[in-house]
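J.: What follows is a single structure, and I will ask about it in a moment.
The values are calculated or read from the model by the stated rules, or taken from the named source; none is laboratory data. Treat the numbers as computed from the prediction; the structure is a model and nothing was measured. In this analysis, Cβ positions are derived from the backbone assuming ideal geometry, glycine residues included, and neighbour counts consider all displayed protein chains. With ligands, DNA and RNA removed, areas are computed over all heavy atoms of the protein, side chains included. Shrake-Rupley method; radii C 1.70, N 1.55, O 1.52, S 1.80 Å.
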Amino acid sequence: MDRKSTTSLYLLFTGAILFLVLSVFMVWNAYQSAERQFKFTKQYYLSTAFFQSGMDGNELAPLADSISRMLDAGEPIVGRNRQVIDNLTIEATKEYQKVEENFARLLQKDDIHAGFNMSVIVSKFFIRQADTVITLYDIEENGSFLTLSGDMKKLNILKPDNSFFYKLKKFDINLQVSVYVNFPNITFFLLKQIWPQLLISLIMLFLFAGIVAYTIKTIRKQQLVDQMKTDFINNMTHELKTPLTTLSVAAKTIDPENLNATSSLITSQVRRLESVVNQVMELSTLYEKGIARERIPVQEFFMKLVETFARQPEEVELSFCKVQDEDHVWTDRFLLETAVLNLLDNAGKYGGESKIFIPVSYSGNFLSIKVADGGCGIPAQYQKYVFDKFYRVPEGDRHEVSGSGLGLYHVREIVKAHKGKVKLYSETDKGTEVTLLIPVR
């Protein structure tokens, strides 16, 4: 990876991290703001609900009289006496049983639809007699309390959301009523409150992630193209250098005695040069003229094609299935020859000493042509690239296995021009099979 690409990726990732941090901060800030607003609203409605359900102190008179009689008689406030006081306390403060109902009505009026659990209790209750303090309830000291409404077990909290005190000097009674409230699904509720900000942040985040992914893909693709161009130049240099060197040596060793051999060598190397040059030139001109279809006898065509292949006949096995002597196919003879010879050339280069199989058959409205070898195969991660222009599998970039990276590209383009299909199946160390499906008409 060059320095420019590295710098671009570094800046891109830095920007992505900053954008992510900014998005999280904005959502969190909006959440905190919604939470503060909700807490304020909750406290306001609790105070209002308590005020609407409050008592004026006269309800405590029977309770005060009962306690006074017990104290004057010297009776301990335990057992049955304690039960009497509890009942009188609940009776005196029964208005607070409406706090939950009033609170729910206020929330609904403000369109706040959030389920809650609430409990109203007498959390502190003590009386004074002379210098003596008699504690009846004190949740802070011993955890005991007298429930007026709700169920404390559902709350799992001990800090009250609001407290109200009653101090009646006439009876010297000190009474504290506290409310505990919990919203189990408050997080979900608050997220619903800030859903526009959350949605915008998520959309922007996904868009930015898409831009980052697309940029990385583009950079990698550009690097791959640059690498393929470099490999192409290196391969072409090697392809041209070998015959030129041979021609140079042959030119220096010409003499009358080996004139025929030297002439034959020069001719073969010139043809090799022409083949390389034509292959590159065909890249832009081969398909411009379109397809010149003609009626070609299948069996005769392939038998001659195999004969022209530069390997020993016994190393190639040609077989026909459902193809008779009179069977024909309408296709461009030159282009089909080019495609099959390119496949045979690859099978010869990478198939090692294995035999090449060419089964030919009909498959529906297509002529199926397979070229298979038992060579080194193509690793799975490279198979999707082998039909790209200039691409060569990295393991194949060796001087003893020469090529331009255009063979399979031409195969794909020829099949595409015929409106056909090409399939590749390959396993490492087991060989490669390429199937061409050419429309019969």
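J.: Consider region 91-113. How many of its residues are open to solvent by less than 60 Å² (accessible area, probe 1.4 Å), modelled with pLDDT under 85 and part of a loop (DSSP other than H, G, I, E, B)?
T.: Residues meeting the conditions: 1.
J.: Scan region 65-79 for residues that are among the charged types (D, E, K, R) and either modelled with pLDDT under 80 or in a helix (DSSP H, G or I) (or both) and jot them down.
T.: Taking region 65-79 as the starting set, the residues that turn out to be among the charged types (D, E, K, R) are 65, 69, 72, 75.
The answer is 65, 69, 72.
J.: Quick one: in region 278-329, of everything that is open to solvent by 60 Å² or more (accessible area, probe 1.4 Å) and of a type in the set (Gly, Ala, Ser), which residue is modelled with the highest pLDDT?
T.: 292
Table: residues versus (1) at pLDDT below 80; (2) crowded, with 19+ Cβ neighbours inside 10 Å; (3) on the phi < 0 side of the Ramachandran plot; (4) more than 38 Å from the chain's Cα centre (by Cα).
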{"position": "359", "(1), (2), (3), (4)": "no, no, yes, yes"}
{"position": "370", "(1), (2), (3), (4)": "no, no, yes, no"}
{"position": "405", "(1), (2), (3), (4)": "yes, yes, no, no"}
{"position": "419", "(1), (2), (3), (4)": "no, no, no, no"}
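J.: Does residue 345 satisfy the criteria of being acidic (Asp, Glu) and under 15 Å from residue 407 (Cα atoms)?
T.: Values: acidic (Asp, Glu): yes; under 15 Å from residue 407 (Cα atoms): yes.
In short, yes.
J.: Kindly establish whether residue 41 is open to solvent by less than 70 Å² (accessible area, probe 1.4 Å), closer than 30 Å to residue 220 by Cα and part of a helix (DSSP H, G or I).
T.: For residue 41, the condition - open to solvent by less than 70 Å² (accessible area, probe 1.4 Å), closer than 30 Å to residue 220 by Cα and part of a helix (DSSP H, G or I) - is not met.
Every residue, every condition in (1) in a helix (DSSP H, G or I); (2) under 30 Å from residue 209 (Cβ atoms); (3) of a type in the set (A, V, I, L, M, F, W, C); (4) free of Cβ contacts under 8 Å to residues at least 40 places away in the same chain, yes or no:
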residue: 19; (1), (2), (3), (4): yes, yes, yes, no
residue: 50; (1), (2), (3), (4): yes, no, yes, no
residue: 63; (1), (2), (3), (4): yes, no, yes, no
residue: 81; (1), (2), (3), (4): yes, no, no, yes
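J.: Would you pick out the residues in region 30-50 that are among the charged types (D, E, K, R) and in contact with a Leu (Cβ under 9 Å, 6 or more places away or on another chain)? First the steps, then the outcome.
T.: Initially, region 30-50 is screened for residues among the charged types (D, E, K, R), giving 35-36, 39, 42.
Correct list: 35, 42.
J.: Write out, first by first residue and then by second, each pair whose Cβ atoms fall under 7 Å of each other, whose residues are 6+ apart or on separate chains, and whose first residue, in region 333-357, is touching a residue at least 12 places away in the same chain (Cβ under 8 Å) while the second is among the basic types (Lys, Arg) and open to solvent by 30 Å² or more (accessible area, probe 1.4 Å).
T.: What qualifies is 348/311.
J.: Then there is this: State whether one or more residues within region 50-73 are closer than 30 Å to residue 192 by Cβ, surrounded by fewer than 15 Cβ atoms within 10 Å (Cβ to Cβ) and under 60 Å from the mean Cα position of the chain (by Cα).
T.: Of the residues in region 50-73, the ones closer than 30 Å to residue 192 by Cβ are 50-53.
Subset that is surrounded by fewer than 15 Cβ atoms within 10 Å (Cβ to Cβ): 51.
Okay, now just the ones that are also under 60 Å from the mean Cα position of the chain (by Cα), so 51.
Yes, some residue in region 50-73 is closer than 30 Å to residue 192 by Cβ, surrounded by fewer than 15 Cβ atoms within 10 Å (Cβ to Cβ) and under 60 Å from the mean Cα position of the chain (by Cα).
J.: Exactly one of (1) within 20 Å of residue 408 (Cα to Cα); (2) open to solvent by 20 Å² or more (accessible area, probe 1.4 Å); (3) at pLDDT 75 or above; (4) under 42 Å from the mean Cα position of the chain (by Cα) is unmet by residue 340. Its number?
T.: Status for residue 340: all satisfied but (2).
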